[in-house]
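Enquirer: Got a structure for you, written out below as structure tokens; questions coming shortly.
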Amino acid sequence: MTKRILIAPLDWGLGHATRCIPLIRELQRRGCEVFIAGSGDSRLLLEKEFPQLTFLELPGYQPSYPATRSMAWSMARQLSKFRRAIREEHACVERYVKEHALDLVISDNRYGCWTAAVPSLFITHQSNILMPKRFGWMAPWIRRINHAFIRKYTECWIPDFPGDHALAGELISFGKHRSNYTVRYIGPQSRFIPTLKAKVVYDVVCVFSGPEPQRTVFENIVVPQVKASGLKYFVVRGLPAAAEEQSSDNCVNFLSGAALQTVLEQASCVVARSGFSTVMDLSALQKRAIFVPTPGQTEQEYLAARLMKQGVAFMQEQHRFNLAVALEESKKYQGFTQSHADPALLAGALDHVWETLNSPPVQKELVDGK
């Protein structure tokens, strides 16, 4: 019998959607009927990649990043909006499970996309949410809340490896919070499937992403320097809602996954945010990178600093960004030298879920010992 699966990626940038692409492909390979629930640009991206699928609407978190103010205070002011989105998306999922006779719900970092009616999986690379130093006293409280939400799910899937081989480092540390739910590591998930080494066409490729206004701030800092550099360049603005049109100065609003992979493979160096999905993608393609974390976003700042310390990629703060300096410094770093992809881990995790879905319900008298 065909399994009917709902996948619900967070609308916080594009990365949660892009890393669901390998999962969607694997579910299609298994003959499943896949439904996508989402909102905003992340939903638009998946509609472009999988136009044949059924798409359902979820309320948007619609985070807004500050242009100059504290990121932590900005997020705190939006908590009521986020809590409302979580309640509303939970109600939507409960309704969709009934309306479409769903067998499984998979949420990528959407805290409300679970149901007791069918198995529900939670995908995250932030089982350990890092706080800015001055708000470190809040960390235990934030972690307890995070794991209280995760415990509502049947399993928690980490798109990484455990231990020393992890790309995410401390972000996937569970500590004492791991109890009460199953954790599976499914390996880094990239939409890109590496091909034979491509010929270098561009000295630098710039990819902009993430919530506004910081996406535009980043673009406005980098693009004028790139245009004045005399280098061969290509710019992807990361705007799925805009028309996919290329101007005369090698700048596009958006590229499909296959087209973006081609451009990235032709790059000598990539300038991008240090979001975890971008890290997974550039690792899959074994590229050299310059990372510019979103100011105040602790996850990106941590990942960029960690990769710089490991000698993988140069990091530069956004307000200090200097293309010439960054390109020169990046030559001292080795880049991503091996792909961390392991499709067998994802397939194995799904096999465990399939066993659950195909198992007959346990008789109540057996459970009660009667």
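The values are calculated or read from the model by the stated rules, or taken from the named source; none is laboratory data. Please read all numbers here as calculations on a predicted model, not as lab measurements. Reconstructed Cβ throughout: ideal geometry from the backbone, glycine too, with neighbour counts over all protein chains shown.
Enquirer: Select, from Val279, Val204, Val226, the only residue that is crowded, with 21+ Cβ neighbours inside 10 Å, under 18 Å from the mean Cα position of the chain (by Cα) and modelled with pLDDT of 95 or more.
Expert: Val279
Enquirer: Hey, does the range 98-105 have a residue that's surrounded by fewer than 18 Cβ atoms within 10 Å (Cβ to Cβ), at negative phi and without any contact (Cβ under 8 Å) to a residue 12 or more places away in the chain? Reasoning before the result, please.
Expert: Taking the range 98-105 first, the residues surrounded by fewer than 18 Cβ atoms within 10 Å (Cβ to Cβ) are 98-101.
From the residues that got through so far, the ones that are at negative phi too are 98-100.
Remaining after also requiring without any contact (Cβ under 8 Å) to a residue 12 or more places away in the chain: 99.
Taking every residue of the range 98-105 in turn, at least one turns out to be surrounded by fewer than 18 Cβ atoms within 10 Å (Cβ to Cβ), at negative phi and without any contact (Cβ under 8 Å) to a residue 12 or more places away in the chain.
Enquirer: It is to be established whether one or more residues within the range 171-186 are surrounded by 16 or more Cβ atoms within 10 Å (Cβ to Cβ), modelled with pLDDT of 95 or more and part of a loop (DSSP other than H, G, I, E, B).
Expert: yes
Enquirer: Next question. Answer yes or no: is there a residue in the range 55-63 that is under 14 Å from the mean Cα position of the chain (by Cα), surrounded by 20 or more Cβ atoms within 10 Å (Cβ to Cβ) and closer than 22 Å to Arg87 by Cβ. Before the answer, list the steps.
Expert: Step one: list which residues in the range 55-63 are under 14 Å from the mean Cα position of the chain (by Cα), which gives none.
No, the conditions are met nowhere in the range 55-63.
Enquirer: I need every pair where a residue in the range 254-265 that is under 13 Å from Ala284 (Cα atoms) has its Cβ under 8 Å from the Cβ of a residue that is surrounded by 21 or more Cβ atoms within 10 Å (Cβ to Cβ) and among the aromatic types (Phe, Trp, Tyr), sequence separation at least 6 or different chains.
Expert: Qualifying pairs under 8 Å: Gln261/Phe192; Leu264/Phe192.
Enquirer: Same structure, new question: Tell me, please, whether a residue that is over 18 Å from Glu212 (Cα atoms), among the β-branched types (Val, Ile, Thr), at pLDDT 95 or above and outside any strand (DSSP E or B) can be found in the range 282-302.
Expert: No: zero hits.
Enquirer: Residues in the range 138-148: is at least one among the polar types (S, T, N, Q) and surrounded by fewer than 16 Cβ atoms within 10 Å (Cβ to Cβ)?
Expert: Residues of the range 138-148 among the polar types (S, T, N, Q): 146.
So of that shortlist, the ones also surrounded by fewer than 16 Cβ atoms within 10 Å (Cβ to Cβ) come out as none.
No, because not a single residue in the range 138-148 is among the polar types (S, T, N, Q) and surrounded by fewer than 16 Cβ atoms within 10 Å (Cβ to Cβ).
Enquirer: Continuing with the same structure: Identify the single condition in (1) assigned to a helix (DSSP H, G or I); (2) touching a helix residue (DSSP H, G or I) at 6+ places or on another chain (Cβ under 9 Å); (3) touching a residue at least 12 places away in the same chain (Cβ under 8 Å); (4) surrounded by 14 or more Cβ atoms within 10 Å (Cβ to Cβ) that Ser127 does not satisfy, given that it satisfies every other one.
Expert: The single condition Ser127 does not satisfy is (1).
Enquirer: Does at least one position in the range 235-256 carry a residue that is surrounded by fewer than 18 Cβ atoms within 10 Å (Cβ to Cβ) and assigned to a helix (DSSP H, G or I)? Even if it seems obvious, please write down each step before you answer.
Expert: Going residue by residue through the range 235-256, those that are surrounded by fewer than 18 Cβ atoms within 10 Å (Cβ to Cβ) are 241-250, 253, 256.
Cutting the leftovers down to assigned to a helix (DSSP H, G or I) gives us none.
Checked against the condition, which is being surrounded by fewer than 18 Cβ atoms within 10 Å (Cβ to Cβ) and assigned to a helix (DSSP H, G or I), the range 235-256 yields no hits at all.
Enquirer: While we're looking at this one, here's another question. In contact with a strand residue (DSSP E or B) (Cβ under 7 Å, 6 or more places away or on another chain), without any contact (Cβ under 8 Å) to a residue 40 or more places away in the chain and under 17 Å from Pro240 (Cβ atoms): which single residue out of Leu46, Leu58 fits that description?
Expert: Values: Leu58 fails: without any contact (Cβ under 8 Å) to a residue 40 or more places away in the chain.
Result of the check over Leu46, Leu58: Leu46.
Enquirer: What residue, among those in the range 130-164 that are among the charged types (D, E, K, R) and part of a helix (DSSP H, G or I), is farthest from Ala344 (Cα to Cα)? Don't jump to the end; show me each part of the working.
Expert: So the first thing to find is which residues in the range 130-164 are among the charged types (D, E, K, R), and the list is 133-134, 143-144, 151-152, 155, 160, 164.
Now drop any that are not part of a helix (DSSP H, G or I), which leaves 133-134, 143-144, 164.
Details: Lys133: 38, Arg134: 41, Arg143: 30, Arg144: 32, Asp164: 19 Å.
This residue is Arg134.
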